[in-house]
Amino acid sequence: MDRALHEKPEMTNSRADFYARMATRNMTPLWEVLHTLLAEEPVTEATPHKWDYEECRPYIMESADIISAEEAERRVMVLENPTLEGRSCITEALYAGLQLIMPGEIAPAHRHSPAALRFIVEGTGAYTAIDGEKAYMEVGDLILTPSWQWHDHGHTGDVPVVWLDGLDIPLVRYLGPVFAQPYPEPEFPQGRPSGDNMFRYGANMLPVGAKFDTQNSPVFHYPYVKTREALENLSRSGDPDPRHGFKLEYINPVTGGPVMPTIGTHMQKLPAGFQGEVYQTTAAWVYSVAEGSGRTRIGDRVFDWKAKDTFVVPAWYPHSHEADGDAFLFSFTDQPVQQKLGLFREQANGSA
């Protein structure tokens, strides 16, 4: 006869008395909770969800009348997973939010131990400065603010700018080493000229004598125009992957690995009419639609999406993508930290 994994033992009076007495010494029996700690497959509290940008945008814009960027430190609407209410999480390990900056505003400089990224959703003319070097934003750009690097935001343009924030705050908070520090002066000093990080490190070449003591990419600005061009060229050179279409990972040019130790970032092109095979992974994925429209089946639910929408695929949910016309999807994931720990697993169509 088949036996369920870690069946909970029957409760008896003597066991209940024993458990109550041992609780006075801050001890508890493992066999009473083992079935909740170990399972035959991953169990996630997070659930699939989509944030329709057209529905979210009025609240984002109204926030500018409610609070200034400086007073809020960062004017962000957290994208909170419906089943993780009150925890500021989009998955158990990842955070996401939509941040707004208005013309003329400055979000003051600070730094923190959690790693962060910004994927630009709407507008132009704003910038993020990393150690004083400004990265000017265009829709579809990826900008990194790695762990413990000074960064601030400003806006010299004339339209609102919105971006998707992605951080590993829940993971770092769970592990413990959360630190944050405001810059002690009103303004951070000017750093290298804008674009210097790309000129030095973004051409598949490294300056002679360059040394690195971090796993973070020295490139922190990945313009969408170049990313899109790379995907278009790739799509002309072969057939799409049956699960992902044409998918590229943003990489650290020093290591060839992910741009930050705990967060991986990708952009993929789903060609017109693409119907992807089912994919399943222990990592969670947060998607932002750069262009196009389509749908993603996550478990037994189907989410229709269009440009600027955000949706989440929690860990171990089978999912597949479909595209109407050509579509471009940005995503970030906790896959790198799982790979470093030897925990990552993936399978397609139910087979490893």
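The values are calculated or read from the model by the stated rules, or taken from the named source; none is laboratory data. Owing to the predicted nature of the structure, the values given are computational and were not obtained by experimental measurement. When we count neighbours, we look across all protein chains shown, and the Cβ atoms used for this are built from the backbone with ideal geometry, even at glycine.
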Apart from one, (1) at pLDDT below 95; (2) in a loop (DSSP other than H, G, I, E, B); (3) over 22 Å from residue 114 (Cα atoms) all hold for residue 254; the odd one out is (3)
Determine whether residue 287 is surrounded by 19 or more Cβ atoms within 10 Å (Cβ to Cβ), over 18 Å from the mean Cα position of the chain (by Cα) and either within 30 Å of residue 149 (Cβ to Cβ) or aromatic (Phe, Trp, Tyr) (or both).
no
With criteria (1) among the hydrophobic types (A, V, I, L, M, F, W, C); (2) more than 22 Å from the chain's Cα centre (by Cα); (3) not in a loop (DSSP other than H, G, I, E, B), residue 212 comes up short on (3)
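List the strands (runs of 3 or more DSSP E) inside segment 292-340, counting only whole elements, that have at least 2 residues being more than 26 Å from residue 123 (Cβ to Cβ). It would help to see each step written out before you state the result.
On the way: elements: 293-298, 301-306, 310-313, 319-323, 327-333.
Strands (runs of 3 or more DSSP E) meeting the threshold: 293-298, 301-306, 319-323.
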If we ask which residues in segment 62-90 are closer than 20 Å to residue 180 by Cβ, of a type in the set (Gly, Ala, Ser) and assigned to a helix (DSSP H, G or I), their number turns out to be 2
Filtering segment 117-128 for residues that are in contact with a His (Cβ under 8 Å, 6 or more places away or on another chain) and either β-branched (Val, Ile, Thr) or crowded, with 22+ Cβ neighbours inside 10 Å (or both) leaves a count of 2
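Name the single residue that is nearest to residue 157 (Cα to Cα) among those in segment 80-98 being in contact with a strand residue (DSSP E or B) (Cβ under 7 Å, 6 or more places away or on another chain) and surrounded by fewer than 23 Cβ atoms within 10 Å (Cβ to Cβ).
Taking the candidates together, the pick is 97.
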The condition of being crowded, with 22+ Cβ neighbours inside 10 Å and either within 22 Å of residue 147 (Cα to Cα) or in contact with a Cys (Cβ under 9 Å, 6 or more places away or on another chain) (or both) holds, among 265, 255, only for 265
Per the filter on segment 268-284, residues crowded, with 24+ Cβ neighbours inside 10 Å and under 12 Å from the mean Cα position of the chain (by Cα) are 284
Reported set for segment 37-51 where residues are surrounded by fewer than 10 Cβ atoms within 10 Å (Cβ to Cβ) and either outside any loop (DSSP other than H, G, I, E, B) or among the basic types (Lys, Arg) (or both) is 37
Expected single match for at pLDDT below 95 and in contact with a strand residue (DSSP E or B) (Cβ under 9 Å, 6 or more places away or on another chain) among 101, 106, 130, 120 is 106
By residue number, the members of segment 1-36 that are in a loop (DSSP other than H, G, I, E, B), modelled with pLDDT of 95 or more and either on the phi > 0 side of the Ramachandran plot or in contact with a Ser or Thr (Cβ under 8 Å, 6 or more places away or on another chain) (or both) are 26
From the option list 330, 303, 311, single residue qualifying as among the aromatic types (Phe, Trp, Tyr), closer than 27 Å to residue 261 by Cβ and touching a Pro at 6+ places or on another chain (Cβ under 8 Å) is 311
Note on residue 234: of the conditions (1) buried (at least 18 other Cβ atoms within 10 Å of the Cβ); (2) part of a helix (DSSP H, G or I); (3) touching a strand residue (DSSP E or B) at 6+ places or on another chain (Cβ under 8 Å); (4) aliphatic (A, V, I, L, M), unmet is (1)
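Could you go through segment 288-309 and let me know if any residue there is of a type in the set (Val, Ile, Thr), touching a residue at least 40 places away in the same chain (Cβ under 8 Å) and out of contact with any Gly (no Cβ under 7 Å at 6 or more places or on another chain).
yes
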Quiz item: Does residue 286 meet the test of being at pLDDT 95 or above, assigned to a loop (DSSP other than H, G, I, E, B) and among the aliphatic types (A, V, I, L, M)?
Solution: no
Of (1) loosely packed, with under 12 Cβ neighbours inside 10 Å; (2) farther than 30 Å from residue 296 by Cβ; (3) touching a residue at least 24 places away in the same chain (Cβ under 8 Å), residue 30 fails just (3)
